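Report on the structure given below.
Derivation of every value follows stated rules applied to the coordinates shown; laboratory data play no part. From a predicted model like this one, the values you see are computed outputs, not experimental measurements. FYI the Cβ positions are ideal-geometry reconstructions off the backbone, even for glycines, and counts take in every protein chain you see.
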């Protein structure tokens, strides 16, 4: 098939997506709406909109004309926009069929709630789409409320490559190989940005370090807000915990990311809003016990006390208490770990998820509407 995909060119999700379809022998054109900060995925024709046209606040009008021309010349079998805002506007503005759009999370849970204009744009994109996929059920519910056709919405998480993201037999040996101390380790797996409540995490890590000084912490700092990261470090220093905290920037590839998750006993992700975060599923697949924000989308994958623990978003004290609970209870940690591995094996296999994505493309390319499959859900 000939595919045209509009997406953030720097996102690991974009790279994984297009690399799969290139590997399957499809012809892929990727249109990026943000300045390119990394090499474009291999094997694609890449079109860099910011490099071709600037334009400030009026850039979307110019970019829409460009995308419309590209799509008209290319005549792809499917036009697919990843994200409802920005790239979704461009895809809808192209006026091309079949048009598929995917909701990632903040595009509907945050952007579309900010203003009447954003909501109207989201409604427009969803109504123009021939099919809508969402990475979580709560996103699908919001899409339906905003006007997406109910029988043209599918819950379609990206899934996890379990050949890469998997547990290791000896965590201490892996930690030593990575230059870390062989100690019980807690990892903050999201970037240091406002939506992920990093200062609450810093406060929690400081409290835990004071009560359990043998615990060690890893903080992922990829794509972080520089000012927030500086504040994070200041709070860690003020708590006297700087010697217990290691920071990782951009990791080279999925295997390096997987090693980081596998080195952790506990994974922390406490954003204010979320879809189905790949980072959480990947950490679970590597055997880290998750502590998560109490959000609807995460209840689709995790039961409190069974696969993970839930805490209120932004509550550093509650997060510290949850970490200390897992630090002191080996049996609970092992139960969360074992149950998480079962959920990933049953519901999050990436090969199956990507094959379904290819089926959606093929069905749309044939002029038909896909039928959402029946999803398996967690038992209470």
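Which of these, 354, 284, 187, has the largest mean-square fluctuation under a Gaussian network model of the chain (Cα springs below 10 Å)?
Among 354, 284, 187, the largest mean-square fluctuation in the Gaussian network model of the chain belongs to 354.
Once both axes come from the Cα atoms, what is the angle between helix 226-238 and the longest principal axis of the chain, in degrees from 0 to 90, rounded to 10?
In the chain, helix 226-238 runs at an angle near 10 degrees to the longest axis.
Could you tell me whether region 218-320 comes out rounded, prolate or oblate from its Cα gyration tensor? Rule is a ≥ b ≥ c as square roots of the eigenvalues, rounded for a/c under 1.5, then prolate if a/b exceeds b/c, otherwise oblate.
Oblate.
Just round it to a whole percent: the fraction of Cα-Cα distances in region 171-347 exceeding 19 Å.
52
Would you compute, from DSSP H runs of 4+ residues alone, the mean residue ellipticity of the chain at 222 nm, taking -39500 (n - 2.57) per run and dividing by the full residue count, rounded to the nearest 500?
-13000 deg cm²/dmol
Given 0.36 nm per residue, what is the gain on full extension from residue 163 to residue 117 after removing their alpha carbon distance, in nm?
Stretched fully, the residue 163-residue 117 segment lengthens by 12.2 nm.
Which residue, 184, 58, 207, has the most motion in a Gaussian network model of the chain that connects Cα atoms within less than 10 Å?
The residue that fluctuates most here is 58.
With equal scatterers on the alpha carbons only and no solvent term, can you work out the Debye log10 of I(q)/I(0) for region 30-136 at 0.25 1/Å?
-1.50
In whole angstrom, how far apart do the alpha carbon centroids of region 101-148 and region 306-380 sit?
With region 101-148 and region 306-380 each reduced to a Cα centre, they are spaced 21 Å.
Using the alpha-carbon centroid of each, what span in Å lies between region 33-48 and region 172-187?
Answer, in whole Å: 35.
Fewest to most neighbouring Cβ within 10 Å: what's the order for 220, 152?
Ranking 220, 152 by Cβ neighbours within 10 Å, fewest first, gives 152, 220.
Could you tell me what fraction of 2.2 N^0.38 Å the Cα radius of gyration of region 301-380 comes to, as a two-decimal ratio?
1.58
What residue among 262, 285, 182 has the largest mean-square fluctuation in a Gaussian network model of the chain, using Cα springs under 10 Å?
Highest fluctuation of the listed residues: 182.
Grab every C-alpha pair in region 68-203, bin the distances at 5 angstrom width from 0 up to the longest one, and report whole percents.
2, 9, 15, 15, 13, 12, 10, 8, 6, 6, 3, 0
What is the Cα radius of gyration of the chain over 2.2 N^0.38 Å, N being its residue count?
1.00
Using the 10 angstrom Cβ neighbour count as an exposure proxy, how do 161, 48 rank, fewest first?
With the fewest neighbours first, 161, 48 line up as 48, 161.
How much length is gained if the chain between residue 342 and residue 183 is pulled fully straight, taking 0.36 nm per residue apart and subtracting their Cα-Cα distance, in nm to one decimal?
Full extension of this stretch gives 54.7 nm more.
So what's the angle, to the nearest 10 degrees on a 0 to 90 scale, between helix 316-328 and the longest Cα principal axis of the chain?
So the helix axis and the longest Cα principal axis differ by about 60 degrees.
Once both axes come from the Cα atoms, what is the angle between helix 350-365 and the longest principal axis of the chain, in degrees from 0 to 90, rounded to 10?
Between the helix axis and the principal axis of the chain, the angle is about 10 degrees.
Full extension from residue 46 to residue 61: what is 0.36 nm times the residue separation minus their Cα-Cα distance, to one decimal in nm?
Result for the pair: 3.4 nm of gain on full extension.
Hey, quick one: spin label on residue 212, modelled 7 Å out along Cα-Cβ, who in region 290-331 has an amide N within reach, i.e. under 11 Å?
320-331
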